[in-house]
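No value in this document is a laboratory result; all are computed from the given coordinates. No experiment lies behind these values; they were computed from the predicted model shown. For neighbour counting, all protein chains shown are included, and Cβ atoms are generated from backbone atoms with ideal geometry for every residue, glycine included.
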């Protein structure tokens, strides 16, 4: 927040919890394609291709959408593999979204701050996702008995995410068809892939397929017995929860003992159990592009009778992008309001404190937030998109009575000397800084302001320039006095060859003063 050297006030009290925002009906949102593919004992699920992520150039009055049902990418049953401050939402009439970017939604979002026959196929098998897509994988162990007829079968999971029977028939001429329920496949070079309308169960599966040979009149029905011993797959059903959770789901025949990463998994009377996969660190933090979420977990299965099967389950998918233009990762304000703005994937959804806010078709959002009391809290912004893991960004929000008083407190322990700041700057990321000087340049960038400051404090060889990124819009003329308070982001290239400038994430500024 910007201040104009206001009079000294009482120090801020800490603050508390976050309440849901008020919402209104949204405009239709495009959905991302959710193509599933899988691996058996290997890889498996699909995500949409990366979308461009240009900066937001405007903002929009648009109502927030109603809650959207979580749509975690991945597997259906058919797939293997600090004080107390508050913030209130006030509804205003919705305005249409126009231009190339959304305007700030003025419906205020309230924050409460605070040993087998030779022709038997045996698993595990591996199928990698196609078309540039990645997938959550799973492992499955099955025995496929051949029939008296020259027909062999094994199971796989196709690019469509469905289980398939891979059939081999040595005397089936091209054009021979095989039918199971309503699914039909045609042999070519003695091979056919037949989709299954439903996933096979763990245990014995009896299938009757009809084979029709063109022109020969040798049509017949063949019985196949397919006993599946166990299935191990990624369970994404709680990945869009708060907090997100990822599991390894297990099914087995009675008597099996299963461990994942050396830890025994307790199975219920139906032979089912789950193993938790910790992904909290992977999903947190700003990223303007999709990044991979990948885990490889070793499993061991001891079947009744003592036989042991070992393998790996590969969990691979992408994390939805989420960038925050305003207010940045941390903000200090001295009034009720700030703007939350940023961008996620096209067709994505965004929630703040568990409640949805408006996202335009390009994935941009700008929501006016209201904090109704002095205090401090951390809010979580969560972006989601079908077929992707969610991304979460934590934002520290602190409302104070007086920014000048806050600046006095902030300076304790903060770096104020430019020469000290620039000494091994990349080793000082995250440290607090309090800089004063004159504005060289200032420009708005989406809902933020980028400032080139000629720092006057601790500068032995002027000019001493620093790049400030302030997560709010502020009008500043060249030569204006400014004090800025924030944390070191790192360094950026200057205008001269080899020149490095400190880059600062600014929490608040005091305009008109360089005290």
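With a Förster radius of 22 Å, plug the Cβ-Cβ distance of residue 288 and residue 500 into 1/(1 + (r/R0)^6) and report the FRET value to the nearest 0.05.
Numbers: r = 22 Å, r/R0 = 1.02.
Here the calculated transfer efficiency is 0.45.
Would you order 404, 289 from fewest to most other beta-carbon atoms within 10 Å of each residue's own beta-carbon?
Values: 404 19, 289 13.
In increasing order of surrounding Cβ atoms, one gets 289, 404.
Would you mind estimating how fast segment 198-275 diffuses translationally, via Stokes-Einstein at 25 °C and 0.890 mPa s with the Kirkwood radius over Cα pairs, in µm²/s? Let's see the in-between values first.
Values: Rh = 15.5 Å.
For these conditions, the coefficient is 159 µm²/s.
Please report, in whole Å, how far the alpha carbons of segment 413-511 spread along each principal axis, starting with the longest.
In descending order, the Cα extents are 31, 26, 22 Å.
Taking 0.36 nm per intervening residue step and subtracting the Cα-Cα distance, what contour gain separates residue 219 from residue 493 on full extension? Don't jump to the answer; show the numbers that get you there.
On the way: separation 274, 0.36 × 274 = 98.64 nm, distance 7.49 nm.
Gain in length upon complete extension: 91.2 nm.
Measuring from label point to label point, each 7 Å out along Cα→Cβ, what is the residue 426 to residue 182 span in nm?
Label at residue 426, label at residue 182, 6.0 nm between them.
State the three equivalent ellipsoid semi-axes of segment 344-444, derived from the C-alpha gyration tensor as the square roots of 5 times its eigenvalues, in descending order and whole Å.
Value: 33, 19, 15 Å, ordered largest first.
Most exposed first by the Cβ proxy, i.e. fewest other Cβ within 10 Å, how do 331, 226 rank? It would help to have the intermediate numbers written out before the result.
Details: 331 26, 226 19.
Ranked by crowding around the Cβ, least crowded first: 226, 331.
Using a 10 Å cut-off around each Cβ, can you sort 435, 207 from fewest to most neighbouring Cβ atoms? Kindly include the intermediate steps, with their values, before the conclusion.
On the way: 435 29, 207 17.
Arranged by neighbour count, lowest to highest, 435, 207 become 207, 435.
Pop a pseudo-label 7 angstrom from the Cα along the beta-carbon direction at both residue 411 and residue 440 and give the gap in nm to one decimal.
2.4
Looking only at segment 254-277, which residues have a backbone nitrogen under 17 Å from a spot 7 Å from the Cα of residue 308 in the C-beta direction?
Only 256-265 pass the distance filter.
Multiply the residue gap between residue 300 and residue 191 by 0.36 nm, knock off their C-alpha separation, and tell me the result in nm, one decimal place.
Numbers: separation 109, 0.36 × 109 = 39.24 nm, distance 3.22 nm.
Answer, rounded to one decimal: 36.0 nm.
Regarding segment 326-390, what's the average projected area of the Cα-atom convex hull, expressed in nm²?
Mean shadow area of the hull around the Cα atoms is 4.5 nm².
If you bin the C-alpha pair distances of segment 251-352 every 5 Å from 0, what whole percents do you get?
Percent of Cα pairs in each bin: 2, 10, 14, 15, 11, 9, 9, 9, 7, 6, 4, 2, 1, 0, 0.
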